[in-house]
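Written below as C-alpha cells is the structure these notes are about.
Just so it is clear, none of the values below were taken in a lab; they were calculated from the coordinates. Everything numeric here is computed off the predicted structure, so don't read it as measured data. Neighbour counts are summed over all protein chains in view; Cβ atoms, including those assigned to glycine, are modelled from backbone coordinates with ideal geometry.
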Amino acid sequence: MASPAGPRWSLLLVRNLLLWLVPVGLLWTAVTPAYNRFLLGSGQNLLRLVESPNVSALVRKDRHFAYVQRLDFAPARSLVHSFRVTDVHFHLVLLGGLFMAVPGIPWRRRLENLGLAVLITIFFDLLLVFFQAKFVYATQLGDWSVKNYGPFARNAYGLGKHLLDLPFKLSLPFVLWTGFYLRDLFGALFPPPTGGATTSTKTSPRPSA
Amino acid sequence: MAAKKASPPSPPAETPETGSLWQRNRREITFLVLFIALLAGGFTLISLNWVNDHVIEPFTAGIAQVSGVVLDLIGQDVTMEGTMIRNKRFAVNIKNGCNGVEAMLIFLAAVLAFPASWKSRVAGLGLGILAIQLVNLVRVVALFLTGVYFPRVFDASHTVIWQTIVILAGVLLWILWANRFAAPRQTAT
C-alpha cells in the first residue's frame, strides 16, 4: 500500500479523523456498559490488592455512575463517594479516531497498533479508578483520612488523582498516537531530499498486508 | 586450485537508514522526549496551588466573564460571580478541565517540540491558542444553553462530547500547523 507523501498525508489524516470519530463514538457508546462493569470489577480487585482485610467495594449505581463503598463503615455512611465511570474512559473515542485515521497504513499494522494502544489505555483507566478511590480515602473523609493516611500519602494521592483525571487522561490519546505514528508523520512532512516523485519509505516501514 | 583468502567483512557504513536507533530516529526521539517533558512540566506547573490561585483561577474567571457577555447577547440574562455563571434557570461553575488550559498545554508542548523556526512557532502558538479558546468559548456557551434547555444531556455533553472536541481542536490545529507552516515545502524536481 503506497502512502501519500507530503502535505496531502496530513490533510488526509485530518479528514479521516473527522470521519472515523462517528463510528468509533457509536462503538464506544455500545460497549460502555460492559466496559464500566469491567472497570468496576477490576478496579475493586486492584484496591483489594493493597488492603487487608478487604473493605473496598465499587458498586454500580446506574449505567454511568458508581459508588465507592467502605464495608467497614456503618451502613448509613458506607457509600463514601460517587463518580461517573463513563468519564474515566471517554478518551477512547479520540484514541480510536486517531489510530484509525492514519492514511496509507496496512490494516494489519493499524489494528495491531490500535490494539496495543487500547491495552495501554485500559491499564491507565484501571489506575485512574484506583486513584479515584484512594483519593477519597486519603483526603475526603475528614478525621478518618488524617488518622489513616500521612501527609505524603495524602499529597501523593491528591496530586496523582489530579494529574491522571484531567491532564494525563486528556493527553493520553495524542501521546500514544505520536509514539506509534510520529515516524509516519515526519516521513510525510519531511520527505528525504532525493528529489523526484519518490515516495517516502518511512511512511510504510512494513510491507503491506 | 588456490584458495582465495577471505577478507574480513567491512562494517556497514553508518548512514541514516542503517545507523543506530538514535541515528535513524533522532528527530522523532527528540520530539517525543521534548513533547512529553514539556507536557509533564506544564501539567505539574498548573497543579501548584500558587499557579492555580494566581494564574489559572483569574484566567478561568476571565473566560466566565467573556462567556457571560456572549450569553447576555443571546438573551440569557446571566449574572457572573468569579468562575460562576447563572441565570434564573441554570448555573455553571467553570473549573479546571473546562477552561481549555489542558488543550492549550498539549498544543504548546507539541508546537515547541516540533522542529520548526521560532517565527513559525510563535505564530502557531498565538493563532492556535486563540483558536482553542474560541472553541472553548463555544463550549461554555453551548453547555450553558444545554443546561437550560436540555438538562438531561448535560452530563454527557459536558465531558464526553465537549472535552473531546476541545482536545481534538488542539490536535487538529497542531497537525495543520505542522503541515502548512512548520514543515519545509516539497520542491518538485
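Brief remarks on what is shown
- Magnitude of the charge dipole, chain B, Cβ model with Lys/Arg +1 and Asp/Glu -1, debye to 20: 760
- Among A:176, B:172, the ranking by other beta carbons within 10 Å of each residue's beta carbon, starting with the fewest, stands as B:172, A:176.
- Per-residue ellipticity at 222 nm from helix content only, as computed over chain B with -39500 (n - 2.57) for each DSSP H run of at least four residues, stands at -18500 deg cm²/dmol.
- Counting other Cβ atoms within 10 Å as a rough exposure proxy, the listed residues A:171, A:82 run A:82, A:171 from fewest neighbours to most.
- MRE, 222 nm, helices only [DSSP H, n ≥ 4, -39500 (n - 2.57), over chain A, to nearest 500]: -21000 deg cm²/dmol
- Neighbour-count order for A:161, A:61, A:169, fewest beta carbons within 10 angstrom listed first: A:61, A:161, A:169
- Centre separation in Å (Cα based) which lies between segment B:55-126 and segment A:102-169: 25
- Above-threshold pairs, the threshold being 27 Å between Cα atoms, out of A:61/A:134; A:61/B:95; A:134/B:88; A:161/B:119: A:134/B:88; A:161/B:119
- Its Cα centre serving as origin, the protein assembly as shown has a Cβ charge dipole (Lys and Arg +1, Asp and Glu -1) of approximately 960 debye.
- The charge dipole of chain A, taken about the Cα centre with unit charges on the Cβ atoms of Lys, Arg (+1) and Asp, Glu (-1), comes to about 200 debye, rounded to the nearest 20.
- Cα-based helix-to-principal-axis angle, A:151-163 vs chain A, degrees rounded to 10: 40
- If the segment from residue A:77 to residue A:30 were pulled out straight at 0.36 nm per residue, it would be longer than the present Cα-Cα gap by 13.6 nm.
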